[in-house]
Amino acid sequence: MIYFDHSATTKPSEEILDLYKKISTEYWYNSETLYNEGKRSNALYLKSYETVLKEMKLVNKKVLFTSGATEANNTALYGYIANFKNKDCELITSKIEHASVLKVYQDLEKQGFKVTYLDVDDEGNVDLEQLKKTLNNKTVLLSIMWVNNIIGSIQPIKEIINILKDYPRCKFHVDCVQGYGKIKPDFDFNDLDFITLSGHKLHGIKGTGCLIYTNNINLSFMKGGHQQDSIRPGTLDLAGAVCMAKTIQNAYKNYRFDDVKEKYLYLVKKLENCPNLILIRNHSSYSPYILNINIPSLRAETALHLLNEKGIIVGTGSACNSKSKDLDPALSSILKNKLNPINSIRISLDSSNTYEELDLLIKELSSMGGTK
Ligand code: PLP
């Protein structure tokens, strides 16, 4: 199979799989216990915690190991907003956030919080003028993703950090899932209040992720024991935490931006003149890992199955929405009413994809769906 759905998930590396097995076999004792074996497990957890801070050059931050980015996003947003019981505050996000952010905001709105969803243009750029107009002294939370998971547009996080300097009450949450390890940040992670990461998008283990947050922020989410500062109670998945820390450590060691960009531009050059295809992309600020292609005369699901029969795997929109009959709200916000989101497939690359694989994809796509 030729795999072009790396933004949905990646194959775990042998190194991480071996590590998971080793930790699960040798350090299976509960890390909260007082006997020596438990203390050894706890020491390994603390080491992983420090590894994350060191690798990302973070100071005054805490690390919460989670089951992935969905849980990290939910914990950050619900956990922080739990501090505002009187609801006398305002929240901002964008219309192209992942469902694990967007749906939390929608729920908070239903609970009575004032929420603004920032518009995006045709290339998936969040409207910063609208952000400036919306921010005020009551704004306590802004959530903007670093790299959009559907069309790969990169948001100007550094510029937003600067805008927020006039609004010290407003905490900044950034879903870094599709950016970390793939593109280099032009901002300092220390300037973010909440950072969300997922292991399985970076050749790590499914069910691993983390939320990094500023020291003095009070988070209240689940109820239970006192593990992980009582924010995520329950017996620690030590192997998951160790593997997540290792995945974070490996991410920029395996940095392949230039190689992936070359492959992305090769794909774009070959596909942009195909009369049956419309490339949905950001031309100036994009991640080369993600290319969205609209085939106006074909449903994405049909295209996906046709390609699958030829041994090629691609995605449709966001993995979380691909089985849902609802139109992806993020993609709809980008396409407006000009194109139909149900016709969009997503190609997401990895440096392991070869030019031979790209040529096969180009051959199949260019003959698909007739002419526009
Ligand atoms: N955030 C973004 C931007 C994503 O692309 C995804 C997965 O597609 C998630 C969050 C959810 O990640 P996880 O599967 O780790 O919960």
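The values are calculated or read from the model by the stated rules, or taken from the named source; none is laboratory data. Note that the structure is predicted; figures quoted are calculated from it, not measured. Glycine gets a Cβ as well: all are built from the backbone with ideal geometry, and neighbour counts include every protein chain shown. The accessibility values were calculated without ligands, DNA or RNA, using every heavy atom of the protein model including side chains. Shrake-Rupley method; radii C 1.70, N 1.55, O 1.52, S 1.80 Å.
General remarks:
- Net length gained if the chain between LYS310 and SER352 were fully extended (0.36 nm per residue, minus Cα distance): 13.2 nm
- Of LEU202, CYS176, LEU108, farthest towards positive along the dipole that unit charges on Lys, Arg, Asp, Glu beta carbons give the chain: LEU108
- Three-way shape label, the range 73-154, alpha-carbon gyration tensor, a/c 1.5: oblate
- Three-way shape label, the range 180-221, alpha-carbon gyration tensor, a/c 1.5: oblate
- Förster radius 22 Å - calculated FRET efficiency between GLU55 and ASN218, Cβ distance, rounded to 0.05: 0.30
- Take the Cα of THR302, step 7 Å toward its Cβ, do the same at GLU129, and the gap between the two points is 4.0 nm.
- The chain - percent of accessible surface contributed by carbon and sulfur, probe 1.4 Å: 51 percent
- Take every DSSP beta bridge whose two residues both sit in the chain; close to 55 percent of them are antiparallel.
- Set LYS110/LYS201; LYS114/LYS261; LYS270/LYS336 screened for pairs whose C-alpha atoms are more than 29 Å apart: LYS110/LYS201; LYS114/LYS261
- Annotation for the range 55-114 versus the range 232-298: alpha-carbon center distance of 24 Å.
- Cβ-Cβ FRET estimate between GLU14 and ASP359, R0 fixed at 41 Å, reported to 0.05: 0.90
- Note that the range 14-251 presents 42 Å² accessible area per residue, ligands and nucleic acids not counted, probe 1.4 Å.
- Taking the Cα centre of the range 14-251 as reference, the dipole from Cβ charges on Lys and Arg (+1) and Asp and Glu (-1) amounts to some 620 debye.
- In units of the rule-of-thumb radius 2.2 N^0.38 Å, the range 14-251 shows an alpha carbon radius of gyration of 1.02.
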